[in-house]
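The values are calculated or read from the model by the stated rules, or taken from the named source; none is laboratory data. What you see is a predicted model, and the numbers here were worked out from it, not measured in a lab. Heads up, the Cβs are rebuilt from the backbone with ideal geometry, glycines too, and the neighbour counts pull from every protein chain shown. Surface areas here come from the heavy atoms of the whole protein model, side chains and all, with no ligands, DNA or RNA. Shrake-Rupley method; radii C 1.70, N 1.55, O 1.52, S 1.80 Å.
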Amino acid sequence: MAVDHRKLIDHLLGEDGFADIVLYGGNIVNVATREIYPGDVAIKGKYIMMVGDASKLIGSRTKVIDVRGKYISPGFIDSHMHFESSMLTITEFSKLSIPSGTTTIVADPHEIGNALGPIGIKAMAEEADAMPNRIKLVVPAMAPDSPTLETAGADINSKDMEDLLCYKNIAGIGELQGFSNVKNVYKHTPEAIDDLVASTAYAASLGKIVDGNAPELFGEELAAHIISCGGRCSCHETTTKEECIEKLRYGIYVFMREGSTQRNMAECIKALTEEGLDSRRLILATDDMLSDDLAGQGHMNEIIRRTIAQGVRPEEAIQMATINPAAYFGFNDIGVLAPGKLADIAVIEDLTQMKIAAVFIKGKLISNGGELLIKLPLYRYPDSVKNSVKCSTVSKEKLEIYKDGNKAEARCIVLIPDQNLTDAKLVDLRVSDEKVQCDINNDILYIACVERYGKTGGIGKAFVTGFGLKEGAFAESIAHDAHNIIAIGTNTKDMALAINRVIEMKGGIAIAKSGTVLNELSLPVGGLITDELTAYELSSKMRELNSVIKDRLGCKVHAPFMHLSFLALTTSPKWKITDKGLIDVNSFEILPPVI
């Protein structure tokens, strides 16, 4: 870097020093001062040479790009996301992401870590090497996050941290979910805290970041969580203005989540728009995005657009996806348009709608007019991260919930759309032949979670409401975070059929109705990702699957596969389902499905 910077000085002050590229006549989005004003950006090699009047740096070989009427911004940063939720490889995700202005992604391979352990995390770190954009990973410090409540494919703890944190493309420790349910972890599994603190202390000794995960935590619980992270952390699980205010006051960097099914930015941003708090620790992130949403809406540009629509000035909204996250992660070479920084740049055609005209990464024009200008070949993962589904097939009898008599008072998970939180309620159901029957007319469906790693053979069973299915069932090997096979349905026969098809495919999604598999998707990489389809092929396939769920089964909630996957997340209240059973997250208990 020292040599590069010395050469830049020569080009700036020497007699024949000219820029390679000048973005001429645009409007500079200055995220350091929260201003927008006319100016040029001069690029030499992979660096920004100067910002302002660059006319003296234009030589005979300088490529001058006229951006009059457009806005020049630092490239956008997604500070917290999971590639696995898109079901895409990093390569295919990047094909959709880069043209929308996102030049840096910090991803948490928490999902593949639970399914495969360090081998899966390292495989993703290897793929990151091949990308033109900056990809950094933050690794799980613990898997599974609730060891007494679920079964994962691999165990990760502090003993793995030296190996993982010193691996290439690793920026630190990801969301500390193992201490999200603070009081119950402290009471029931205090040894988990010992292990987490050992991991976060080691990360701090390396100068690595630690992300927090503090849903609905206040007061001493929030303070304990912050301390477990090492005293400095983020949180992407903030869902109310009051939560956001308290976390900002505690010095937490609040990642305002705005993904495909978890949308919390509009509530969190009120800490700024209504209360006038400082926005330097407000950061935009997606967490979980579907490929179809990426293809149709965009990535961070879309999240910035939504933030502007909440009454935030464009330059301040852009700060939340550029300089704010760069400061948090210590990315000192990006996040602002300034001399000596890497020329990761988004040229914006429409500031309010955040339409991206062009994208530069390290001084090279990578995308123009929404089209990627470089070829990223389909990336194939090694066999070592495939074949993660090792369980036996299940019968419909194993999915039944049994009880004597003719009536049952049953526990029912209540889906909350666009949240990973759930509610809970008791419902009265009919019993026939000692089997508790679901109530399709009142949207009370069966839900089950099947341990898929061949360890215990456990099956958790309960009831769920909120999906609106009228017929059939669907199953998937995506169930945060242990990623066992989760299924819902109107009858156990179709549920067993869908589950068994997922098992036969070694991971994926299957939809069944009237004893027939209607449609399916194979996800061979850890049961989470396809390396067989391009981004656009997967987007088309997901539209097809969603149409089948809606038109043939009667599902009324959008993004049903992602909504279903979060019903297994034991670190987020209130009731969830795992291979161990129905989980009361708030009390750390496994509940019987019927009273």
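Points worth noting:
- Checked against (1) open to solvent by less than 10 Å² (accessible area, probe 1.4 Å); (2) under 22 Å from G335 (Cα atoms), M87 passes all but condition (2).
- Inside region 167-223, residues that are among the hydroxyl-bearing types (S, T, Y) and surrounded by 20 or more Cβ atoms within 10 Å (Cβ to Cβ) make up a count of 3.
- Residue match in region 480-489 (condition: of a type in the set (A, V, I, L, M) and either under 26 Å from Y379 (Cβ atoms) or touching a Pro at 6+ places or on another chain (Cβ under 8 Å) (or both)): yes
Residues checked against (1) in contact (Cβ under 8 Å) with a residue 40 or more places away in the chain; (2) of a type outside the set (K, R); (3) more than 28 Å from I105 (Cα to Cα):
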position: R34; (1), (2), (3): yes, no, no
position: I43; (1), (2), (3): yes, yes, no
position: I48; (1), (2), (3): yes, yes, no
position: K56; (1), (2), (3): no, no, yes
position: D66; (1), (2), (3): yes, yes, yes
position: F76; (1), (2), (3): yes, yes, no
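- Counted residues, region 431-449 - those being within 16 Å of K493 (Cα to Cα) and free of Cβ contacts under 8 Å to residues at least 40 places away in the same chain: 5
- Looking across T33, T103, one residue alone is at pLDDT 95 or above, exposed (fewer than 15 other Cβ atoms within 10 Å of the Cβ) and among the β-branched types (V, I, T). It is T33.
- Residue tally, condition open to solvent by 20 Å² or more (accessible area, probe 1.4 Å), touching a strand residue (DSSP E or B) at 6+ places or on another chain (Cβ under 7 Å) and part of a loop (DSSP other than H, G, I, E, B), over region 492-528: 1
- Residue count, region 522-534 (criterion: touching a Ser or Thr at 6+ places or on another chain (Cβ under 7 Å), of a type in the set (S, T, N, Q) and in contact (Cβ under 8 Å) with a residue 40 or more places away in the chain): 1
- All of E544, E537 fail the test of being free of Cβ contacts under 8 Å to residues at least 12 places away in the same chain, farther than 21 Å from V389 by Cβ and of a type outside the set (G, A, S), apart from E537.
- Any hit, region 192-214, residues being without any contact (Cβ under 8 Å) to a residue 40 or more places away in the chain and in a loop (DSSP other than H, G, I, E, B): yes
- Leading residue by the ranking (surrounded by the fewest Cβ atoms within 10 Å (Cβ to Cβ)) among those in region 259-284 that are within 19 Å of E315 (Cβ to Cβ) and under 16 Å from the mean Cα position of the chain (by Cα): M265
- Pairs meeting the criteria (first residue in region 401-430 and over 30 Å from Q262 (Cα atoms) and among the hydroxyl-bearing types (S, T, Y), second residue open to solvent by 40 Å² or more (accessible area, probe 1.4 Å) and assigned to a strand (DSSP E or B), beta carbons under 8 Å, at least 6 apart or on different chains) are Y402/K435.
- Selection count where residues are surrounded by fewer than 24 Cβ atoms within 10 Å (Cβ to Cβ) and over 19 Å from V359 (Cβ atoms), scope region 294-314: 7
- Region 435-456, subset over 30 Å from N387 (Cβ atoms) and in a loop (DSSP other than H, G, I, E, B), residue most open to solvent (accessible area, probe 1.4 Å): Q437
- Criterion violated by S477 - all others in (1) closer than 17 Å to I595 by Cβ; (2) among the polar types (S, T, N, Q); (3) open to solvent by less than 10 Å² (accessible area, probe 1.4 Å) satisfied: (1)
- Meets criteria (at negative phi and under 33 Å from the mean Cα position of the chain (by Cα)) for R452: yes
- Of the residues making up region 133-155, those that are closer than 16 Å to E191 by Cα and either surrounded by fewer than 24 Cβ atoms within 10 Å (Cβ to Cβ) or without any contact (Cβ under 8 Å) to a residue 24 or more places away in the chain (or both) are P147, T148, D155.
- Any chance S97 is among the polar types (S, T, N, Q), under 22 Å from V254 (Cα atoms) and surrounded by 21 or more Cβ atoms within 10 Å (Cβ to Cβ): no
- For region 36-81, taking the residues that are crowded, with 23+ Cβ neighbours inside 10 Å and acidic (D, E), the one that is farthest from I170 (Cα to Cα) is identified as D40.
- Residue count for region 108-132 satisfying the condition of being surrounded by 24 or more Cβ atoms within 10 Å (Cβ to Cβ), farther than 28 Å from N184 by Cα and touching a strand residue (DSSP E or B) at 6+ places or on another chain (Cβ under 6 Å): 1.
- Looking across region 97-126, the residues that are in contact with a helix residue (DSSP H, G or I) (Cβ under 7 Å, 6 or more places away or on another chain) and closer than 25 Å to N484 by Cβ come down to A107, P109, E111, I112, G113, L116, P118, I119, G120, I121, A123, M124.
- Between G39, G25, G52, G17, the distinction of being modelled with pLDDT of 95 or more and more than 26 Å from T104 (Cβ to Cβ) belongs to G25 only.
- Here I135 meets each of (1) closer than 28 Å to I356 by Cα; (2) in a helix (DSSP H, G or I) with one exception, condition (2).
- Evaluated against (1) open to solvent by 70 Å² or more (accessible area, probe 1.4 Å); (2) at pLDDT below 95; (3) hydrophobic (A, V, I, L, M, F, W, C), L421 falls short on exactly one condition, (1).
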